[in-house]
Amino acid sequence: MVYTVVGESTGQAQEREQMFLHDFVDPMASLTLLSELMNYDFSHLRLDAPITDELIGSVSGMRGLVQNLRTHIGGDT
C-alpha cells in the first residue's frame with residue numbers, strides 16, 4: 001500500500017500523516033479490510049495482540065502484507 005501526504009514542509013507532511021492515521025482511520029474498519037485481504041478472521045484478537053510467526057503461518061491470504069505490517073508498526077504488536 002502506498003499513499004502520498006503533501007505539506008509545505010516535511011514536518012507539516014508528517015503532522016498531516018499522523019492526523020490522518022489517528023483521527024480519520026477507524027481501527028475496526030482497517031481490521032476488517034486486513035481480514036479480507038489476508039483471508040483470516042481477526043475479530044477474535046485484541047487490537048494490540050502480538051503478530052506472531054504462528055499467526056503469519058495461519059494466514060492464507062497475503063502473508064507478505066502481515067509481515068510488512070509487523071515490521072511497520074514495530075515490535076510484535
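The values are calculated or read from the model by the stated rules, or taken from the named source; none is laboratory data. These numbers were taken from a predicted model, which means no experiment stands behind them. Quick reminder, even Gly has a Cβ in these numbers, built from the backbone with ideal geometry, and neighbours come from all protein chains shown.
For segment 19-52, taking the residues that are more than 22 Å from Gln67 (Cα to Cα) and of a type outside the set (Phe, Trp, Tyr), the one that is modelled with the highest pLDDT is identified as Met19.
Whether a residue is assigned to a helix (DSSP H, G or I), over 16 Å from the mean Cα position of the chain (by Cα) and over 19 Å from Val59 (Cβ atoms) was assessed, and Gln18 does not pass this test. Residues of segment 1-15 that are in a helix (DSSP H, G or I) and either exposed (fewer than 10 other Cβ atoms within 10 Å of the Cβ) or touching a residue at least 12 places away in the same chain (Cβ under 8 Å) (or both): Thr10, Gly11.
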